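The values are calculated or read from the model by the stated rules, or taken from the named source; none is laboratory data. None of the values given here were measured: they were computed from a predicted structure. Cβ atoms come from the backbone with ideal geometry, glycine included; neighbour counts cover every protein chain shown.
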Amino acid sequence: MTDPVHASLKGRLIVASPPLHDENFRRTVVLMLEHGPEGALGIVLNRPTDVRAGDALPDYSESLPDDAYIHLGGPVEPSSFILLGDFVDPSEAATITFGSVGVVDPDQAPRTLRAVRAFGGYAGWSAGQLEDEFADESWIEADPVPGDVFTDEPQGLWFRVLDRKGGSYRLVARMPEDPSLN
């Protein structure tokens, strides 16, 4: 496990732990796009909306599948968007996040993508804020796989990532949202 105080979380997942009660992040899985001394930026992967991506982003409708929906990437600048793609040629990405998954340059459509997803807004942390949240045990770090970003079942992603992590995290994944109802 990476020590978030001393190492970058870029390209890693952070998973909201049960004590995190901020409604913007409750049971979310966030892909970290940037993390450094100045702060951090990530995309919430498991908050789909009912807004069709082609309707919201007509300039990119040819790059997006017909059945694609915008996902809520986070509470910061929800009217902005970020496209993430699984690149056949990673050199076409504006920046690679992990493996062949990276940010699609909005001014330069890639020739070939295995998958693409549009996110409205993003999650942002000021310098030291994310590290403080880790110290409060608000987040759990996890390894990403491309399927996490492009899953057809984003509502189950929180459970699947914790289950894949194994050990006591499997128990956390199976906890009811409201333990008093157990």
Has region 134-145 got at least one residue that is closer than 16 Å to residue 46 by Cα, free of Cβ contacts under 8 Å to residues at least 60 places away in the same chain and surrounded by fewer than 18 Cβ atoms within 10 Å (Cβ to Cβ)?
-> yes
Being touching a Leu at 6+ places or on another chain (Cβ under 7 Å), under 30 Å from residue 168 (Cβ atoms) and charged (D, E, K, R) narrows 148, 132 down to just 148
Is it the case that some residue within region 96-117 is over 24 Å from residue 52 (Cβ atoms) and of a type in the set (A, V, I, L, M, F, W, C)?
-> yes
State whether the residues of region 16-39 include one that is over 18 Å from the mean Cα position of the chain (by Cα) and of a type in the set (Phe, Trp, Tyr).
-> no
Scan region 63-90 for residues that are polar (S, T, N, Q) and at pLDDT below 90 and jot them down.
-> 63, 79
Residue check: is residue 148 crowded, with 18+ Cβ neighbours inside 10 Å, part of a helix (DSSP H, G or I) and among the acidic types (Asp, Glu)?
-> yes
Is there any pair linking a residue in region 90-107 that is over 20 Å from residue 143 (Cβ atoms) and of a type in the set (S, T, N, Q) to one that is modelled with pLDDT of 90 or more and assigned to a helix (DSSP H, G or I), with Cβ under 9 Å and at least six apart or on different chains, and which?
-> none
Tally the residues that are more than 24 Å from residue 123 (Cβ to Cβ) and in contact with an Asp or Glu (Cβ under 9 Å, 6 or more places away or on another chain), restricting the search to region 56-91.
-> 1
On the given criteria, is residue 137 modelled with pLDDT of 95 or more and of a type in the set (Asp, Glu)?
-> no
Hey, can you tell me all the residues within region 35-60 that are surrounded by fewer than 19 Cβ atoms within 10 Å (Cβ to Cβ) and either at pLDDT 90 or above or of a type in the set (Ser, Thr, Tyr) (or both)?
-> 36, 37, 38, 39, 48, 49, 50, 51, 60
Within region 1-72, which strands (runs of 3 or more DSSP E) (wholly inside it) include 3 or more residues that are under 21 Å from residue 117 (Cα atoms) and of a type in the set (A, V, I, L, M)?
-> 13-16, 29-36, 39-44
